[in-house]
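Everything below concerns the one structure shown next.
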Amino acid sequence: MASDQYFDDDPTVPSSPLVVDVTLPDTAFTMETDRGVFSHGHLDTATSMLLRAPLPLATSGDVLDLGCGAGPIALAMARRSPDATVWAVDVNARARDLCRRNAERNALPNIVVAHPEEVLGEVRFSTIWSNPPIRIGKSALHDLLLTWLGRLTPAGDAALVVQKHLGADSLQRWLDGQGYACERLTSKAGFRLFAVRRAEESSA
Ligand SMILES: C[S@@+](CC[C@H](N)C(=O)[O-])C[C@H]1O[C@@H](n2cnc3c(N)ncnc32)[C@H](O)[C@@H]1O
């Protein structure tokens with residue numbers, strides 16, 4: 001199912017929990033999902049594409065799942081990098097509660113779930129993975145990405161998955177103009193997966 005379910009992202013609707021089994025080539029976990037949180041009852045197609053890609057992931061230090069929802073990206077990062085601290089950040093309180101419960105359910109103590117404002121200013125991320133909230137609008141999305149990409153370590157990198165019809169290509173051009181090298185890694189089923197790093201690092 002596609003990211004159009006994002007319109008359901010409202011933490012005030014009545015709860016209706018559904019547990020989903022997620023199986024990836026290298027790991028598996030179960031994940032409670034709920035109404036009012038992105039991708040109720042399933043793993044989003046774009047998220048699945050990101051999690052199945054052979055992306056670099058720091059093995060220690062701080063890494064970030066930006067807009068964690070119920071936490072599939074954070075759960076996979078925490079499984080793959082047990083010595084890293086995985087920050088799972090979301091503005092949606094129900095999403096944060098779900099993600100916290102999902103970390104416990106899968107015995108992953110290296111996930112720290114937080115509201116964006118709770119992440120200490122000095123924390124820098126070696127890896128950022130995100131299925132970002134495109135539907136917050138272009139200006140808010142740009143501010144969000146500049147804020148968090150600005151917190152990459154100098155050699156850090158990000159992976160973003162975006163629907164083509166929601167402006168993936170213009171987002172790529174915009175990031176290129178903001179001092180980031182944004183490389184298209186995969187284009188499949190209407191989605192683009194981008195690797196993003198500081199331009200000066202990628203040309204070094
Ligand atoms: C496309 S969903 C992805 C959710 C989850 N990572 C997944 O793949 O299933 C984007 C998420 O970003 C969150 N979000 C929206 N605005 C945000 C912001 N300013 N800061 C952090 N997260 C935000 C939404 O609540 C939503 O959970």
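Laid out as a table, the results:
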item	result
Subset of the range 19-68 that is part of a loop (DSSP other than H, G, I, E, B), touching an Asp or Glu at 6+ places or on another chain (Cβ under 8 Å) and hydroxyl-bearing (Ser, Thr, Tyr) - its residue that is surrounded by the fewest Cβ atoms within 10 Å (Cβ to Cβ)	Ser60
Positions within the range 156-198 being of a type in the set (Gly, Ala, Ser), open to solvent by 30 Å² or more (accessible area, probe 1.4 Å) and within 17 Å of His142 (Cα to Cα), in sequence order	Ser170, Gly177, Gly179
Complete set of residues in the range 161-182 that are in contact (Cβ under 8 Å) with a residue 60 or more places away in the chain and either in contact with a strand residue (DSSP E or B) (Cβ under 9 Å, 6 or more places away or on another chain) or of a type in the set (Val, Ile, Thr) (or both)	Val161, Val162, Gln163
Residue list for the range 152-167, restricted to those being away from the ligand (no atom under 13 Å from the Cβ) and either within 16 Å of the chain's Cα centre (by Cα) or under 23 Å from Gly190 (Cβ atoms) (or both)	Leu152, Gly156, Asp157, Ala158, Lys164, His165, Gly167
Search result, residues across the range 39-73 that are among the small types (Gly, Ala, Ser) and closer than 19 Å to Ala195 by Cβ	Ala46, Ser48, Ala53, Ala58, Gly61, Gly67
Elements of type strands (runs of 3 or more DSSP E) in the range 109-204, at least 2 residues being more than 21 Å from Ser60 (Cβ to Cβ)	152-163, 180-188, 191-198
Of residues in the range 77-94 being in a strand (DSSP E or B) and within 18 Å of Thr27 (Cα to Cα), the one nearest to the ligand (Cβ to nearest atom)	Val86
Residues of the range 75-97 satisfying the condition of being aliphatic (A, V, I, L, M) and either open to solvent by 10 Å² or more (accessible area, probe 1.4 Å) or closer than 14 Å to Leu64 by Cα (or both)	Leu75, Ala76, Met77, Ala78, Ala84, Val86, Ala88, Val89, Val91, Ala93
Which numbered condition Arg105 fails, given (1) open to solvent by 20 Å² or more (accessible area, probe 1.4 Å); (2) under 18 Å from the mean Cα position of the chain (by Cα); (3) in contact (Cβ under 8 Å) with a residue 12 or more places away in the chain; (4) within 21 Å of Ala70 (Cβ to Cβ)	(2)
Whichever residue in the range 108-136 is open to solvent by less than 30 Å² (accessible area, probe 1.4 Å) and over 15 Å from the mean Cα position of the chain (by Cα) and, among such residues, is nearest to the ligand (Cβ to nearest atom)	Val119
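The values are calculated or read from the model by the stated rules, or taken from the named source; none is laboratory data. Everything numeric in this text was worked out from a predicted model, so none of it was measured. Here Cβ is always computed from backbone atoms with ideal geometry, including for glycine, and neighbour counts include all displayed protein chains. Just so you know, the surface numbers come from the protein's heavy atoms only, side chains and all, with ligands and any DNA or RNA stripped out. Shrake-Rupley method; radii C 1.70, N 1.55, O 1.52, S 1.80 Å.
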